[in-house]
Amino acid sequence: MLVVRYSAFFNADIASGNKYFELVISLMTVNKFLQPYVDLKVIIYTTQSYKKSFEVLLEKYSFSYEVWALDAMHPQFWNNSVEFSKSLNNLTEIDRICTVRMLSDFYLLDKNAYRLLIGADVYFLGIPDEVLGFVWSGSAEKKEKILYMRDMYTFGGFEYRIRHWAGEHLSGLLGDFYCLAPEVTLDVSAVQGCLRMIDSWPVVPSRYDPAPPCNLSGVTTPEQQAASLLLAPFGGKKLPANRYSHYQYFPELVVLHSHTLAFPLTHLGDEFVREFVSIIGVEPNGGQFPGVQEPTLSGQ
C-alpha cells in the first residue's frame, strides 16, 4: 500500500483561501495520476474542528481516505507535540506545524506501508514513473529506502548541504516530498533530539550551504533539516530535478511544488479546470482567490 500524507490545519472551504485551493488541486492530481496505478490511501492530519469539512471534501474523490483529528485521536501525544514545538526557538508558525507533522509521521503512520509525505502545494502533472517504480519494486532488497525530491531552485541549482553537521545527510532534500519504504521508521525521541540540536545552531550565517538569497536568509525549516539528517542512514535516491521541481518549470515536469495555482490549472487543461470549479464552487480568476490565511495549530 502507498499512503499519501497531508497535513491541513484549516477548514476545507473557500474561506481558507489559497491553502484550501492548493489542497483541492493536489488531491485532484493524486486521484488522476497515482490512484489508478497503486493501492492508495490518502491520510489528512487536521484537528477535530476541521475534520467534518475534510470528510465532505474527500467524498468527491475516488481514492480511499482517512481524516485524522490528531487532537481528538491522540490528545496526550498532540498536546506534548504542540508544547514541544513551542519550546523551540526561531520557528515560524509553519515550522511549528511541520514539527508536529514530522513527529506524527513517525508515531502514527503504518511503518509497513510506503509513505509519501507531501505538502498541500504539490501537484502531479503526469504519471510519476519513478515513484510508481519505487513502490512496485518491493522493499526487501532495496539499497536506497528513501525516495526524495530536491530543492534546486532556492539554492541556485545546487544541492544544499547543512553547514553545522559533519555527518551524512540527504543533500538537497525537500521536506514537502519524500517517500519512505516499509520498515523505515524513527523513534519520536530521536526526532525530538535532532530538532533540539538543530535549534541550538546559529541562524546567521545560514544553516544551509550555499546560503539562500538574502530575503530567505533567516529561514530555518528545522523539520526539513531533521529529515535530511535522520533519514540518511537508510539511503536516499534522488528524483530527477527536471521532472520533480520546486517552483521551476521544465517541459518534462511530472511533479511541481509551488504556490502558483495558475500553472497546474493551465497545464492540465479545461476539463481539469471544470472539475476544480465543480468541487470548490468558485470560478478561478487567473489562479488567484480571495481570503488567503495562514493555518495555525490552534484550530481557530
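Miscellaneous remarks
- Kirkwood radius and radius of gyration were both taken over the C-alpha atoms of segment 1-102, and their ratio Rg/Rh is 0.99.
- A simple charge model with +1 on the Cβ of Lys and Arg, -1 on the Cβ of Asp and Glu and nothing else charged puts the dipole of segment 1-144 at about 100 debye relative to its Cα centre.
- Compared with the direct C-alpha span, the chain from Val203 to Met73 gains 43.3 nm at full extension, assuming 0.36 nm per residue.
- Heavy atoms of Lys52: accessible area, 1.4 Å probe, square angstrom to 10: 130 Å²
- Relative contact order of the chain, taken over Cα pairs closer than 8 Å and 6 or more residues apart, is 25 percent.
- Chain lengthening between Glu252 and Ala15 when straightened (0.36 nm per residue, less Cα-Cα): 81.9 nm
- Axial C-alpha extent at least 27 Å, average Kyte-Doolittle at least 0.5 - helices from the chain (DSSP): none
- Average accessible area per residue (Å²) across the chain - probe 1.4 Å, nucleic acids and ligands excluded: 42 Å²
- Value at 222 nm in deg cm²/dmol, rounded to 500, when DSSP H runs of n ≥ 4 in the chain each add -39,500 (n - 2.57): -11000 deg cm²/dmol
- Portion, in percent, of the accessible area of the chain that falls on carbon or sulfur, probe 1.4 Å: 52 percent
- Think of each Lys and Arg Cβ as +1 and each Asp and Glu Cβ as -1; about the Cα centre, that makes the dipole of the chain roughly 440 debye.
- Unit charges on C-beta of K, R, D, E only; dipole of segment 63-191, Debye: 240 debye
- Inter-label distance for Met1 and Lys237, nm, one decimal - labels placed 7 Å from Cα along Cα-to-Cβ: 2.2 nm
- Against the compact-protein benchmark of 2.2 N^0.38 Å, the Cα-based radius of gyration of segment 55-188 scales to 1.18.
- Counted over the chain, the DSSP beta bridges are approximately 40% antiparallel.
- Long-range amide H partners of Gly175 with built H, under 5 Å: none
- Protection proxy ranking of 14-26, 62-74, by the mean of other Cβ atoms within 10 Å over each peptide's residues and highest first, is 14-26, 62-74.
- Extension gain for the segment Ala211 to Glu66, taken as residue separation times 0.36 nm less the Cα-Cα distance, is 48.3 nm to one decimal.
- Of the residues His257, His164, the one with the largest accessible area comes first in the ranking His164, His257, computed with a 1.4 Å probe on protein heavy atoms.
The values are calculated or read from the model by the stated rules, or taken from the named source; none is laboratory data. Model, not experiment: these values are computed from the prediction. Here the Cβ is made from the backbone with ideal geometry for all residues, glycine too, and neighbour counts use every protein chain on show. Calculation scope for accessible area: heavy atoms of the full protein, side chains included, ligands and nucleic acids excluded. Shrake-Rupley method; radii C 1.70, N 1.55, O 1.52, S 1.80 Å.
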